[in-house]
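To keep things clear, I will list the structure first and then write my remarks on it.
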Amino acid sequence: MKVAFPHMGYMYIPIKVLFDTMGVDYVLPAGCNKKTLEYGIKHSPEFICLPFKTLLGDFLHCIENGADTVFFGGGCGQCRLGYYGDLHDEIIKSIGYKAEFICVDLSNMTVKEVMEKLKPMTNGVPISKKIKGVFYAIRTIFTVDKLYKRACYIRCREINKGCTDTVMREFQNKVRTVKDYRGLKQAIRLTKNRLNSIKVDKKCKPLKIAIVGEIYAATESYVNLDIERKLGNMGIEVHNKLSIANWIMEHFIKKIIPIKSKNAPHEAGKEFMKTDDIGGHGLETIGNAIVSGKKKFNGVIHIYPFTCMPEIIAQSTFNEIQEKYNIPIMTLIIDEMTGDAGYLTRIEAFVDMLARKRESTKPTIGPGIANEA
């Protein structure tokens, strides 16, 4: 058995750790690129959303490179993610390939379910090794997330632009070749030290922008045209509310250790949307926008794939959120036809508007003299 799994942001790193620890053979996804996207588009329904197409391209790449099993996460509710696995399976069979699909229900994920789903791939593996693999994978999610957050903090403050990008690019290349958890820890430690050695402007007070929306579009850099890096190099401190670690905390950890908070995105979103039934990450999008306003972020960028109904519903609440919490929100809709130039122009215009807004709200000393303190 040789397992394939999809690429979504840095999610491939903990999955790689999981399989390496348990001794499961796998094909590492190439990551989103023009070739895999075109392959996915070729075999997908025309109006299906972009994540479906890119994931299909990933699976086909892995199957052509020897994978015979696909490990995937699905769900339920109004979001089409619930039938991605079945439809991907049908399309792959119609092309002439054969692969077994193992799908975890992401809407109700538990340790027990994950262990059950792993059984076909881990026959003969001791239970202690399986538990260790899950533990290492979860730990990896949070350590890698901290590393990426550190990169976002430094990128907008670095004196020599491009240093953070170079360090993170080398980290991504390194983790694809490490063979065990110990090697990954060493790579993370080295990268963290390199990031901390980058010279930064300690007086810099960057604008803060939150990224909200559909999780795949928000976390996969190829799909969102590398929005975190672009904003960071404009001098913006980016807070991605859809990070893998945040999702795991809200939908996995908090089911094991129930923690209630009014500022949890799911609860905060109910101020403007009383039902849980809009599907996908719609309610979390509303809640994250509200929490960002409460925390005095300068702005919010809402990003989602074309035709994503839960995000379209969430977007309908933004006028009220902007008015009540005094936070500008810009929506970016992504599909395979999205052009980099127009996309970047909109981001730049939004950032300029936020900068002017901040300047206009600075207290003054005397007529027309800004307080520089």
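Expressed as an acute angle from 0 to 90° and rounded to the nearest 10, what is the orientation of the C-alpha long axis of helix 181-196 relative to the principal long axis of the chain?
Tilt relative to the chain: about 20 degrees.
Starting at the first residue of the range 130-138, write each ³J(HN,Hα) from the Karplus equation 6.51 cos²θ - 1.76 cosθ + 1.60 with θ = phi - 60°, in whole Hz, x for Gly and Pro.
My calculation for the range 130-138 gives 5, 4, 4, x, 5, 4, 4, 5, 5 Hz in order.
Given R₀ = 51 Å, what would the calculated FRET efficiency be for Thr345 paired with Leu190, taking r from the Cβ atoms and rounding to 0.05?
Details: r = 37 Å, r/R0 = 0.73.
It comes to 0.85.
Stretch Arg358-Met115 to full length: gain in nm at 0.36 nm per residue minus the Cα-Cα span? Write out the running numbers ahead of the final one.
Details: separation 243, 0.36 × 243 = 87.48 nm, distance 4.98 nm.
Stretched out fully, the Arg358 to Met115 stretch lengthens by 82.5 nm.
I'd like the orientation of helix 282-294 relative to the chain: the angle between its Cα long axis and the longest Cα principal axis, in ° from 0 to 90, rounded to 10.
Once rounded, one gets 30 degrees.
Using only the alpha-carbon atoms, what does the range 175-234 span along each of its principal axes? Please give whole angstrom values in decreasing order.
That works out to 37, 34, 15 Å along the principal axes.
If you find the alpha carbon centre of the range 201-238 and of the range 159-194, how far apart are they in angstrom?
For the range 201-238 versus the range 159-194, the Cα centre distance is 19 Å.
Once Lys and Arg get +1 and Asp and Glu get -1 on their Cβ, which of Pro29, Phe5, Phe19 lies farthest toward the positive end of the dipole of the range 1-48?
Towards the positive end, the residue furthest out is Pro29.
On C-alpha positions alone, give me the angle between the axis of helix 84-95 and the longest principal axis of the chain, in degrees, nearest 10.
The angle comes out at about 50 degrees.
In terms of the Cα gyration tensor, with a ≥ b ≥ c the square roots of its eigenvalues, is the range 116-274 rounded because a/c is under 1.5, prolate because a/b exceeds b/c, or oblate?
oblate
Mind checking the full-extension length gain between Ala30 and Lys42? Use 0.36 nm per residue of separation minus the Cα-Cα distance, one decimal, nm.
2.5 nm
Nearest 20 debye, what's the magnitude of the dipole of the chain about its Cα centre given +1 on Lys and Arg Cβ and -1 on Asp and Glu Cβ?
On the way: 54 positive and 41 negative charges, 410 e Å.
I would put it at about 1960 debye.
What residues of the range 28-48 lie in the reach of a label at Ser94, counting those whose backbone N is under 19 Å from a point 7 Å from the Cα along Cα→Cβ?
37-48
Place +1 on the Cβ of every Lys and Arg and -1 on the Cβ of every Asp and Glu in the chain, take the dipole about the Cα centre, and give the residue among Pro45, Ala67, Thr140 whose Cα lies farthest towards its positive end.
Thr140
Where does the chain land on Rg(C-alpha)/(2.2 N^0.38 Å)? Write out the running numbers ahead of the final one.
Values: Rg = 21.3 Å, N = 373, 2.2 N^0.38 = 20.9 Å.
Dividing the Cα radius of gyration by 2.2 N^0.38 Å gives 1.02.
Suppose all protein chains stay in the model; what accessible area per residue would a 1.4 Å probe give for the chain, in Å²? Don't jump to the answer; show the numbers that get you there.
Values: 18380 Å² over 373 residues.
With all protein chains present, the chain gives 49 Å² per residue.
What shape does the range 210-325 have by the C-alpha gyration tensor, where a ≥ b ≥ c are the square roots of the eigenvalues, rounded means a/c under 1.5, and otherwise prolate means a/b greater than b/c and oblate the rest? Don't skip to the answer; put the middle values down first.
Details: a/c = 1.37, a/b = 1.24, b/c = 1.10.
Because its axes are fairly even, with a/c under 1.5, the range 210-325 counts as rounded.
Looking only at trypsin sites (Lys or Arg not before Pro) in DSSP loops with at most 16 other Cβ atoms within 10 Å, what is the longest site-free stretch of the chain? Walk me through the numbers before you get to the answer.
Working: sites that count: Lys2, Lys98, Lys161, Arg176, Lys179, Lys199, Lys202, Lys203, Lys260, Lys262, Lys274, Lys295, Lys296.
It works out to 3-97.
Label Lys161 and Met249 with points 7 Å out from Cα along Cα→Cβ: what is the distance between them in nm?
For Lys161 paired with Met249, the spin-label model returns 3.1 nm.
State the percentage of accessible surface on the chain attributable to carbon and sulfur atoms; use a 1.4 Å probe and exclude ligands, DNA and RNA.
Looking at the chain in its full context, I get 54 percent from C and S.
Say R0 is 30 Å: what FRET efficiency, to the nearest 0.05, do Arg150 and Asp277 get from their beta-carbon distance?
Values: r = 37 Å, r/R0 = 1.24.
Result of the calculation: an efficiency of 0.20.
Note the full-extension length gain between Lys199 and Tyr222 as 0.36 nm times their separation in residues minus their Cα-Cα distance, in nm to one decimal.
Numbers: separation 23, 0.36 × 23 = 8.28 nm, distance 2.79 nm.
Result for the pair: 5.5 nm of gain on full extension.
Given the rule -39500 (n - 2.57) for each run of at least 4 DSSP H residues, summed and divided by the residues of the chain, what is its mean residue ellipticity at 222 nm, to the nearest 500 deg cm²/dmol?
Values: 16 runs with 183 residues, N = 373.
For the chain, the value works out to -15000 deg cm²/dmol.
The values are calculated or read from the model by the stated rules, or taken from the named source; none is laboratory data. All of these numbers come straight from a predicted model, not from anything done at the bench. All Cβ positions, even for glycine, are placed from backbone atoms using ideal geometry, and neighbour counts span all protein chains on display. We work out accessible area using only protein heavy atoms, side chains counted, and drop any ligands, DNA or RNA first. Shrake-Rupley method; radii C 1.70, N 1.55, O 1.52, S 1.80 Å.
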